[in-house]
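The values are calculated or read from the model by the stated rules, or taken from the named source; none is laboratory data. Quick caveat, the model's predicted, so the values are computed rather than measured. All Cβ positions, even for glycine, are placed from backbone atoms using ideal geometry, and neighbour counts span all protein chains on display. Surface areas here come from the heavy atoms of the whole protein model, side chains and all, with no ligands, DNA or RNA. Shrake-Rupley method; radii C 1.70, N 1.55, O 1.52, S 1.80 Å.
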Amino acid sequence: MANLRAFAMPKWGIEMTEGVVAEWKVGEGQPFRKGDLLALIETAKITNEVEAEADGQFARLIAKEGETYEVGDLIAVLAGADDAPADGEVDSFIASYKGGEGKPSVAAREDAPAPVAAPAVMAVPDDGNISPMARAFAQEHGIDITGIEGSGPGGRISFQDVQQASLPPAPPPGGGPVDIAPVGEALADVFASPLARRLAVQHGVDLSGMAGTGPKGRICKADVLARVKRDEPSAAAPSGGVEVIRMSPMRKAIAQALSHSKSTIPHFYLRSKVRIDAILGLRAQAKAATGEAPSINDYIVRACALALVRHPDVNVQVHGDAIHRFASADVSVAVATDKGLITPIVRGADALSVAAISRAVRALADKARAGRLQPDEFQGGSFSISNLGMYGIDQFDAIINPPQGAILAVGAAVRTPVEIGNALAFATVAHLSLSCDHRAIDGAVGADFMRTLKGLIEEPALLAG
């Protein structure tokens, strides 16, 4: 009998609820040694390598590459290196697997039929003006008859009335509301049953000229529904086709976090322009001397860090009713990857030179694009910078990266005519936009921060030290 063991979706961090098997590095039946790389698993922010804890082999690979599985799901079955388990043995192991919360295995869940909810039993008043068949149908399907207008003699609720009430509401023509007032007025001269008239109004069917199939040519429910079905527009296929791309765990996490930020945090924006000719001059000198130079963004990170320690009320995180204020500036820098945006953190940026910040940003960006960031390298931070100027975007407003209190958006540097000393001159100007959480940062506080930041950028000699 083979020594079978479960290989379940691991949990890294308290916020991880699911993961994606990005790639199996070992195939079924292929022996591996302790320490060998078995799989790459993506979480919301990183891609982790899973190594073998002992010699062995995969008796069965259950998880499909690119699919998402909850933490604790059985994604593979392990066996000893010399084992030769039979299919029945592996199937029994999978069927009997219970996860950390007593969940059955993924395979077992897929095979099990979906539970069917029992319809609610609806009480129908004994003295209601309703036919026996309609009563039975309403009780069986849990339909409330109190709002149904009977179409039978004396307003009696018929089987057709209840059956129609059980259907989902028809989509209104053109997306607008349906006016049911004309029933009995505009259609008064039409030889149709009351139910057919109501259906005609609800579905926007013109009954004029329609030949009914009821007694003596009366238009009935079936005639209207047949016209509705005939007139239903077919789904138009896009001319160029559609490529459906599944969201990566990182992109789903970003979507959730930013939707929460934009919808719950009271944003306000402070916009300003800043001349960066002096920084461009410093970069040119550094390039000539060493062959390489920090980026404009590296100087801005340094300037923000110094401004943050001078304005600690902006260097904050917001946690419910508490504001966390930090002594040093941990600046997050937005990095675009093929799986979504991530914001690795330059820790203690106020204590680093521009050159040191440049090296740190490059290293973090490389790790981010390779999916190798560790949680402490992108979680936390006291402030964020998003720079789309390098993509030619003149100006934009960024969404706050919670729980941080503010984020700076940096636009492209553009040669612009400006007044300098009562004379018209040209300068290289960039747009800055500070998005602030108004729960923690007041307008005057943010404005003071922007004034300090502008001064540091326009006199980059102040960034030394």
What percentage of the solvent-accessible surface of region 4-96, computed with a 1.4 Å probe over protein heavy atoms, is contributed by carbon and sulfur atoms? 45 percent
Gyration tensor verdict on region 384-443 (Cα atoms; rounded if a/c is under 1.5, prolate if a/b is larger than b/c, oblate otherwise): oblate
Cα centroid distance between region 336-401 and region 256-315, in Å? 11 Å
Loop-located trypsin sites (Lys or Arg not before Pro) in region 404-465, at most 16 other Cβ atoms within 10 Å (DSSP): ARG439
Heavy atoms only, 1.4 Å probe, whole protein assembly: order MET247, MET16, MET390 by accessible area, highest first. MET390, MET247, MET16
If the cut-off is a Cα-Cα distance under 22 Å, which lysines reach LYS273, setting aside same-chain residues fewer than 8 apart in sequence? LYS454
Picking from LEU61, ALA76, ALA39, whose Cα lies most toward the positive end of the charge dipole for region 4-96 (charges on Cβ: Lys, Arg +1; Asp, Glu -1)? ALA39
Pair-distance profile P(r), taking every C-alpha pair of region 266-463, with 5 angstrom steps and integer %: 1, 8, 16, 21, 21, 16, 10, 4, 2, 1, 0
At 1.567 mPa s and 4 °C, plugging the Kirkwood radius over alpha-carbon pairs of region 414-465 into Stokes-Einstein gives what diffusion coefficient in µm²/s? 97 µm²/s
Residue-normalised accessible area of region 4-96, expressed per residue, 1.4 Å probe, Å²: 49 Å²
